[in-house]
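Here is the structure we will look at.
The values are calculated or read from the model by the stated rules, or taken from the named source; none is laboratory data. Remember, predicted model here, so these are calculated numbers, not experimental data. Glycine also receives a Cβ, built like all others from the backbone with ideal geometry; neighbour counts cover every protein chain displayed.
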């Protein structure tokens, strides 16, 4: 379950790597600026701009002055917001899902004829040398655990949008991530429209499902026993936006950035939760066995999202303006079937 909640491992640049980076940096300024409005080059499609703008982040602030032509995403999901704004990055960072870094919910938004981005691997930290080789004029890394050392190196290559310092890494609200991306590329008005449209969907789904209001819920996964996601995890915030209560559960340790680890025998405590959302419920047999002995299980007060759900399983972790509508269409019917406590109500199978 590494991909659903743990950050990638960190690693310092070696001396050899630093030399390679210096060479790559030397060549960055000589790149051609042709194609500023060409979607294949990654530029803004309509030439609109709300620049210059200064954006605060974890490591200070960065001024963005020009509409970018070549954007590299070192975060795990920000490419979707860029694509929603008509910008195709020249580089993206692989998390999980489609190996080309562009997942099904984003494919229809790709400009016709767009060149696919190069895919980077952040398993050992941000690959700074490879980022430099792509000659970006904007680097985006909000959904990351970017270190200060990495930020200093990246900011020598191009203006860099790092994660907010107001939240734990990987915990920025999707609205704030999207807004800052829109500001950095000169499309604040456009991204605000997209944020408003998605928030309106949440409001409509909540209004259509009044039984969600105030019901306690927990997001959990079998991982060395049971892992309970914290209420500030972006996926937990989705449930809050639909009316659920993720903050009164005694299962959650408020001192943890991501959530709490419990032993398998504590799985029975989920009986007190109105609706439990599982990731891969059957991944550990001892956890599944304990839960299957609870009243909550017998009453069907649970949803399980697993690898078998394909793109939906991946999309549930991509909280952005393109992925969220795709998720809500599948997620809300499952939650509605679980919240009624009727064991005869079977949650629908998500659409492929």
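Brief remarks follow.
- Residue that is nearest to residue 306 (Cα to Cα), among those in segment 218-240 that are surrounded by fewer than 18 Cβ atoms within 10 Å (Cβ to Cβ) and at pLDDT 90 or above: 225
- Test for residue 336: is it under 17 Å from the mean Cα position of the chain (by Cα) and modelled with pLDDT of 95 or more: no
- With a requirement of 3 or more residues that are outside the structural domain of residue 76 (by TED's automatic domain parsing), modelled with pLDDT of 95 or more and farther than 22 Å from residue 127 by Cα, the helices (runs of 4 or more DSSP H) lying completely within segment 143-217 that satisfy it span 188-208.
- Among the residues here, residue 310 qualifies as modelled with pLDDT under 95 and in the same structural domain as residue 271 (by TED's automatic domain parsing).
- Matching residues in segment 55-70 - criterion: being in a strand (DSSP E or B) and either within 19 Å of residue 321 (Cβ to Cβ) or within 13 Å of the chain's Cα centre (by Cα) (or both): 55
One line per residue, one yes/no per condition, for (1) closer than 17 Å to residue 198 by Cβ; (2) assigned to a loop (DSSP other than H, G, I, E, B); (3) touching a residue at least 12 places away in the same chain (Cβ under 8 Å); (4) in the same structural domain as residue 310 (by TED's automatic domain parsing):
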site: 72; (1), (2), (3), (4): no, no, yes, no
site: 76; (1), (2), (3), (4): no, yes, yes, no
site: 80; (1), (2), (3), (4): yes, no, yes, no
site: 89; (1), (2), (3), (4): no, yes, yes, no
site: 92; (1), (2), (3), (4): no, no, yes, no
site: 100; (1), (2), (3), (4): no, yes, yes, no
site: 106; (1), (2), (3), (4): yes, no, yes, no
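- Residues satisfying the stated conditions in segment 131-142, i.e. over 21 Å from residue 80 (Cβ atoms) and part of a helix (DSSP H, G or I): 132, 133
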